[in-house]
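The values are calculated or read from the model by the stated rules, or taken from the named source; none is laboratory data. Model, not experiment: these values are computed from the prediction. Cβ placement follows ideal geometry from the backbone for every residue including glycine, while neighbour counts extend to all protein chains displayed.
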Amino acid sequence: MAEARGLASAKRFWKAVSKGYPIIQRIPEQTSQERTAYSSDFLYTLTTDRLRMDAFRRAVARFRAHRVLEIGCGPWTPLVDLCLQSGASKVVAVEACATHAELARRRLKDAEAVQVINGRAADLPSEVLLAGLGGPPQLIVSELLGYTASEEGAPAILLDLQRRLGPTQVVPRAASSWMLPVRPLELSSWHCLKNWLLHGGWPSRLQPGLYDCRNFPESLELAAPQKWEEFDFTCAETLEAQLQQECHLSFTLPAGTEVGGVLLFMRADLCPGVDLDTRRDETSWNHYLLQLPPQRVGESGTLVVSVAVDARSEDVRYRFEVPVFDPDPAVPGLANKNMRMSNLE
Ligand SMILES: C[S@@+](CC[C@H](N)C(=O)[O-])C[C@H]1O[C@@H](n2cnc3c(N)ncnc32)[C@H](O)[C@@H]1O
């Protein structure tokens, strides 16, 4: 029953994606953890993401690991299946959500090599994680990547495991988040109607704030992407130094260009030669649009975006700040203001 519902939801998702029109939905103010608490239907869609599954299959197969620890197996355990297919003889699969863990247990009831443990990785003693493996893991597999590299808490979770269990290979071994400025998105009434039918929102006038978006037209991109956070999951020292990051990105645009916002997306480096780029590849990952107040860049053509990230806990916090140039006089109160979106103080 749950599987049939997941399949139907995955079909709807890929059908909407294949139509190519921009899909856009305002994100309410939420913590990273609330935003990334996925339903089992949504997690089913991930198992039908061919590019994602193929990339993980190739990366996991490279290691031929016998003892594997998976963090966040979800209800459908697609990465456990890949580990078993690659010759793993012991897999411990940890899942924080009790309902997902129960579904995973039922799914894997005949797989003697697999133990499913319900709990957050950081709350489980090392002895509990290691008992079912019969030794330290040779590989940690963990798809805790959101639309951004850090929002599902992968940096803090993997650093904790690297410290407790000793240096261990990880798939994915690294991930980074990128952004690029875009022109304002203007949707036809037809596309507004399609969005309304899909998720109940009518996106004709985008207000400043954060949006979940998909199929954002390439023709509206204004500059090459730049990186705003990066994490190396294989090395505890490097990862520890990356938990707090700040950068000031400077984009050069033609003077006077109208800017609608910045598009945020993610790149994951699964192992040498196998990567995923959620802007380049048509995967199940959407993007974020940080919609700015209506504005044009000044004579210098420079758009500066300042970003701060605090990934020391699983509840990752961000601050994005963009000076507003030449604000639209029709929008009261914008003059000389910065556009600031922050849950990091
Ligand atoms: C993006 S899903 C990936 C599911 C599955 N591994 C896959 O690749 O399709 C992430 C899963 O990790 C779980 N999770 C998130 N944080 C966790 C933590 N700290 N410890 C264990 N599981 C966690 C979530 O409940 C969710 O089921």
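Structure summary
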{"item": "Region 82-102 residues that are more than 28 Å from GLU34 (Cα to Cα) and not assigned by TED's automatic domain parsing to the domain that holds LEU46, paired with ones that are modelled with pLDDT of 95 or more and within 14 Å of the ligand (Cβ to nearest atom) (beta carbon under 9 Å, 6 or more apart)", "result": "none"}
{"item": "Complete set of residues in region 1-39 that are acidic (Asp, Glu) and surrounded by 13 or more Cβ atoms within 10 Å (Cβ to Cβ)", "result": "GLU3"}
{"item": "Given (1) within 16 Å of the ligand (Cβ to nearest atom); (2) of a type in the set (A, V, I, L, M); (3) farther than 30 Å from ARG205 by Cβ, index of the condition ALA4 fails", "result": "(1)"}
{"item": "Residues being closer than 24 Å to GLN291 by Cβ and at pLDDT 95 or above - total across region 40-56", "result": "0"}
{"item": "Every residue from region 191-215 that is over 11 Å from GLN25 (Cβ atoms) and surrounded by fewer than 19 Cβ atoms within 10 Å (Cβ to Cβ)", "result": "CYS192, LEU193, LYS194, LEU197, SER204, ARG205, GLN207, PRO208, GLY209, ASN215"}
{"item": "Filter result (in contact with a Cys (Cβ under 7 Å, 6 or more places away or on another chain) and closer than 26 Å to MET266 by Cβ) within region 95-148", "result": "GLU95, ALA104, VAL141"}
{"item": "Residues of region 186-222 that turn out to be closer than 21 Å to ASP281 by Cα and not acidic (Asp, Glu), as a count", "result": "9"}
{"item": "Residue pairs meeting the criteria (Cβ under 6 Å; at least 6 apart or on separate chains; first at negative phi, in region 133-150; second among the basic types (Lys, Arg))", "result": "LEU133/ARG67; LEU133/LYS90; PRO137/ARG67; GLN138/ARG67"}
{"item": "Test: GLY74 is part of a loop (DSSP other than H, G, I, E, B), of a type outside the set (Asp, Glu) and within 16 Å of the ligand (Cβ to nearest atom)", "result": "yes"}
{"item": "Where THR283 falls short, out of the listed (1) assigned by TED's automatic domain parsing to the domain that holds LEU187; (2) of a type in the set (S, T, N, Q); (3) part of a strand (DSSP E or B)", "result": "(3)"}
{"item": "Within region 175-211, tally of residues that are at pLDDT 95 or above and touching a Lys or Arg at 6+ places or on another chain (Cβ under 9 Å)", "result": "6"}
{"item": "Selection within region 192-219 - in a helix (DSSP H, G or I) and more than 15 Å from GLY260 (Cβ to Cβ)", "result": "CYS192, LEU193, LYS194, ASN195, TRP196, LEU197, LEU198, HIS199"}
{"item": "Any hit, region 50-68, residues being of a type outside the set (A, V, I, L, M, F, W, C), part of a loop (DSSP other than H, G, I, E, B) and within 11 Å of the ligand (Cβ to nearest atom)", "result": "no"}
{"item": "Single match in ALA8, ALA37, ALA59, ALA16 (criterion: at pLDDT 95 or above and not assigned by TED's automatic domain parsing to the domain that holds ASN195)", "result": "ALA59"}
{"item": "Every pair of residues 6+ apart whose Cβ atoms lie under 8 Å, when the first sits in region 46-59 and is farther than 15 Å from SER142 by Cβ while the second is among the acidic types (Asp, Glu)", "result": "LEU51/ASP281; LEU51/GLU282"}
{"item": "Test: PHE265 is assigned to a strand (DSSP E or B) and touching a His at 6+ places or on another chain (Cβ under 9 Å)", "result": "yes"}
{"item": "Residues of region 243-262 classified as outside any strand (DSSP E or B) and within 30 Å of SER300 (Cβ to Cβ), total", "result": "5"}
{"item": "Count - residues of region 74-85 that are touching a Leu at 6+ places or on another chain (Cβ under 7 Å) and surrounded by 24 or more Cβ atoms within 10 Å (Cβ to Cβ)", "result": "4"}
{"item": "Index of the failed condition, THR234 passing every other in (1) hydroxyl-bearing (Ser, Thr, Tyr); (2) touching a strand residue (DSSP E or B) at 6+ places or on another chain (Cβ under 8 Å); (3) without any contact (Cβ under 8 Å) to a residue 40 or more places away in the chain", "result": "(3)"}
{"item": "Of all residues making up region 9-37, the number that are without any contact (Cβ under 8 Å) to a residue 24 or more places away in the chain and not in a loop (DSSP other than H, G, I, E, B)", "result": "5"}
